[in-house]
Amino acid sequence: MSKNKNLSAEEKFKAVISHSKEYGFIFQSSEIYDGLSAVYDYGQCGSQLKNNLREYWWRSMVQLNENIVGIDSAVFMHPTTWKASGHIDAFNDPLIDNKDSKKRYRADVLVEEYIGKIESKADKEVEKARKRFGDSFDEYLFRKTNPRVVESERKKEEINLRLKNALEQNDLAALRQLILDLEIVCPVSGTRNWTEVRQFNLMFSTQLGSLSDDAQTIYLRPETAQGIFVNFLNVYKTGRMKIPFGIAQTGKAFRNEIVARQFIFRMREFEQMEMQFFIRPGTEIQWYNYWKEKRIQWHYAMGFSKIKYRFHDHIKLAHYANVACDIEFEFPFGFKELEGIHSRTDFDLKNHENQSGKRLQYFDPDMNESYIPYVIETSIGLDRLFLAVMSESYCEEQLEDGSERTVLRIPPALAPVKCAVLPLVNKDALPEKSREIMKNIKLDFDCMFDAKDSIGKRYRRQDAIGTPYCLTIDHQTLEDNTLTIRERDSMTQERIALEEVSRIIEDRVSLKKLLKLII
Ligand code: ATP
């Protein structure tokens, strides 16, 4: 039996980052020039994993839902798009600088982190009490009556209210005052020497046109959603869609993030997977709840522990939403947003209608009337999903014989390489036989051939990139067409006939396995 080494969250996060680089998952962009802040490249294993995650999302949306279709719109869009969507006027983050460290922070995030600390203090009290009282512990009653927990809750609500008011009223002075009143210090300098709070627009702009005279300022899209809205009419008409229906797309988005930390959690260039679901006005709460449930089940299907996920209702609604929540995931640095589910009302289509002068309405044959549909959006960051999967899969194990291994327990259907083909020795016609075998199975799966080093070392290399199966070809294979199949998680080995290989692997690594859980 193997035993997991207990790494602290911080140790694990560091290990995931260095492992990602060492095994070709993620590289810093332009590393030979010392990199570019908050921009990353995906390597040979990373790009495969990313493709698989995207495919899992795409097929769950487009293939499994008759009423959802996919599109692929351009990154560049007419600049008026961003006027209509509200991004030119309202896509700002409040930033604050510490005068001593010269570090820049998002003012709202400083307050949210403070609230997070109050929460975890209260949680610790609850856990202590749970241990003391054992089975008879009533968490609800404890939270309602324990003076310290009650006080934390009161404080949290008070701060939340002040934060919400300051953000909603765009009152930057009040936001700064809240930071001062809470005596929040800069994590780097440890001082409270803060500047004023300023608004900072997150969109990147560039020029369209070859001559600067007639150049036009355009933006790199900060979200993929608007590409869906401006194509609403095209898809509705040409696809003969009937409400309720959805349009899905995946693609790059760009934001000039003020605080770009935590590896690929917050990047300046990232990928989104978004679906806008067009519905009859008045049915938004029903569909909002429907998509909340659908999306959480999609996450659960990957097989990680359910306690890693939670819903978080928004206290400050984005300029377009009337109800919204996040699916948060417990990353090594705490619970953070992984996916957003928003009820966007008719905000976007209405504004595009106003700005473009085109009628963006749906004729509802059942009601015999036209209206601008309401929209429920599900929006997930592919890179954040990648980080969630990597950090949850990463495992350092102590084996029975005293040795150690690092294994990525990636859900087999999502693993970058499904099967490694390993000749036991690099001679005696074993490499040739292995190549022959590989020639067939690579038609079904992503395979890797490896003949270098001892077989033990090669197993470790495959464990480290999360390959679910290794096939070892030995002298007996030449005689009777049997080989050894080794499974990643249990490390068990079994001798099987060559013709069984595809079926056994297919059984575990097919995406169908995940999709069946959510259909
Ligand atoms: P945050 O509050 O963390 O800045 P957000 O609420 O602005 O995120 P949305 O606009 O709802 O994010 O975007 C939808 C999804 O896109 C998010 O749930 C997240 O997974 C992803 N995302 C947003 N910004 C980034 C980023 N800078 N880097 C990577 N992924 C991102």
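The values are calculated or read from the model by the stated rules, or taken from the named source; none is laboratory data. Small disclaimer: the values here were computed from a predicted structure and weren't measured. Please note: Cβ atoms are built from the backbone with ideal geometry, for glycine as well, and neighbour counts cover all protein chains shown. Surface areas here come from the heavy atoms of the whole protein model, side chains and all, with no ligands, DNA or RNA. Shrake-Rupley method; radii C 1.70, N 1.55, O 1.52, S 1.80 Å.
Just checking, does region 315-326 include any residue being open to solvent by 50 Å² or more (accessible area, probe 1.4 Å) and away from the ligand (no atom under 13 Å from the Cβ)? Yes, because at least one residue in region 315-326 is open to solvent by 50 Å² or more (accessible area, probe 1.4 Å) and away from the ligand (no atom under 13 Å from the Cβ). ARG435 meets each of the listed conditions (1) buried (at least 18 other Cβ atoms within 10 Å of the Cβ); (2) without any contact (Cβ under 8 Å) to a residue 24 or more places away in the chain apart from (1). Of all residues in region 436-479, those satisfying the criterion of being assigned to a helix (DSSP H, G or I) and over 37 Å from the mean Cα position of the chain (by Cα) are GLU436, HIS475, GLN476, THR477, LEU478, GLU479.
Considering region 1-51, the residues that are modelled with pLDDT of 95 or more and open to solvent by 100 Å² or more (accessible area, probe 1.4 Å) include one that is nearest to PRO416 (Cα to Cα), namely GLN44. ASN231 satisfies every condition listed in (1) within 26 Å of VAL62 (Cβ to Cβ); (2) polar (S, T, N, Q); (3) open to solvent by 30 Å² or more (accessible area, probe 1.4 Å); (4) near the ligand (Cβ under 10 Å from one of its atoms) except (4).
If the condition is being open to solvent by 20 Å² or more (accessible area, probe 1.4 Å) and not small (Gly, Ala, Ser), then region 205-220 contributes THR206, GLN207, LEU208, LEU211, ASP213, ASP214, GLN216, THR217, TYR219, LEU220. Within region 254-298, the set of residues being out of contact with any strand residue (DSSP E or B) (no Cβ under 7 Å at 6 or more places or on another chain), hydrophobic (A, V, I, L, M, F, W, C) and surrounded by 20 or more Cβ atoms within 10 Å (Cβ to Cβ) comprises PHE263, TRP298.
Quick one: how many residues across region 351-360 are open to solvent by less than 40 Å² (accessible area, probe 1.4 Å) and over 30 Å from ILE327 (Cβ atoms)?
1
Open to solvent by 30 Å² or more (accessible area, probe 1.4 Å) and either on the phi < 0 side of the Ramachandran plot or at pLDDT 90 or above (or both): is that true of GLU223 in this structure? For GLU223, the condition - open to solvent by 30 Å² or more (accessible area, probe 1.4 Å) and either on the phi < 0 side of the Ramachandran plot or at pLDDT 90 or above (or both) - is not met. Answer yes if at least one residue in region 239-248 is part of a loop (DSSP other than H, G, I, E, B), open to solvent by 50 Å² or more (accessible area, probe 1.4 Å) and among the hydrophobic types (A, V, I, L, M, F, W, C), and no otherwise. Looking for residues that are part of a loop (DSSP other than H, G, I, E, B), open to solvent by 50 Å² or more (accessible area, probe 1.4 Å) and among the hydrophobic types (A, V, I, L, M, F, W, C), one finds none in region 239-248, hence no.
Among the residues here, GLN355 does not qualify as among the polar types (S, T, N, Q) and touching a Leu at 6+ places or on another chain (Cβ under 9 Å). Cβ-Cβ below 6 Å, separation at least six or inter-chain, first residue in region 35-49 and without any contact (Cβ under 8 Å) to a residue 24 or more places away in the chain and farther than 14 Å from THR467 by Cβ, second open to solvent by 50 Å² or more (accessible area, probe 1.4 Å) and not hydroxyl-bearing (Ser, Thr, Tyr): which pairs? From region 35-49, the pairs are GLY35/GLN28; ASP41/PHE27; GLY43/PHE27. Does ASN289 qualify as being more than 11 Å from the ligand (Cβ to nearest atom) and under 19 Å from PHE91 (Cβ atoms)? Considered against the rule, which asks whether it is more than 11 Å from the ligand (Cβ to nearest atom) and under 19 Å from PHE91 (Cβ atoms), ASN289 comes out as no. Among the residues of region 482-494, are any in contact (Cβ under 8 Å) with a residue 40 or more places away in the chain and buried (at least 17 other Cβ atoms within 10 Å of the Cβ)? Yes: region 482-494 contains one or more residues that are in contact (Cβ under 8 Å) with a residue 40 or more places away in the chain and buried (at least 17 other Cβ atoms within 10 Å of the Cβ). Residue selection: GLU396 fails the criterion of being within 16 Å of the ligand (Cβ to nearest atom) and of a type in the set (Asp, Glu).
Screening LYS50, LYS21, LYS83 for residues that are farther than 30 Å from VAL407 by Cβ, part of a helix (DSSP H, G or I) and among the basic types (Lys, Arg) leaves exactly one candidate, LYS83.
Answer with yes or no whether LYS121 is in a helix (DSSP H, G or I) and either of a type in the set (Lys, Arg) or in the same structural domain as ARG255 (by TED's automatic domain parsing) (or both).
So LYS121 passes the test.
Within region 362-379, is even one residue open to solvent by 10 Å² or more (accessible area, probe 1.4 Å) and under 21 Å from the mean Cα position of the chain (by Cα)? Yes, the conditions are met somewhere in region 362-379. Set side by side, the residues VAL417, VAL407 differ, and just one is at pLDDT 95 or above, away from the ligand (no atom under 16 Å from the Cβ), assigned to a loop (DSSP other than H, G, I, E, B) and of a type in the set (Val, Ile, Thr), which is VAL417.
Residue count for region 243-286, restricted to those that are small (Gly, Ala, Ser) and away from the ligand (no atom under 11 Å from the Cβ): 4. A count restricted to region 75-114 and to residues that are among the charged types (D, E, K, R), in contact (Cβ under 8 Å) with a residue 24 or more places away in the chain and away from the ligand (no atom under 16 Å from the Cβ) stands at 5. Given the structure, is GLU353 under 22 Å from MET61 (Cβ atoms), in the same structural domain as LEU387 (by TED's automatic domain parsing), more than 11 Å from the ligand (Cβ to nearest atom) and of a type in the set (Asp, Glu)? It is false that GLU353 is under 22 Å from MET61 (Cβ atoms), in the same structural domain as LEU387 (by TED's automatic domain parsing), more than 11 Å from the ligand (Cβ to nearest atom) and of a type in the set (Asp, Glu).
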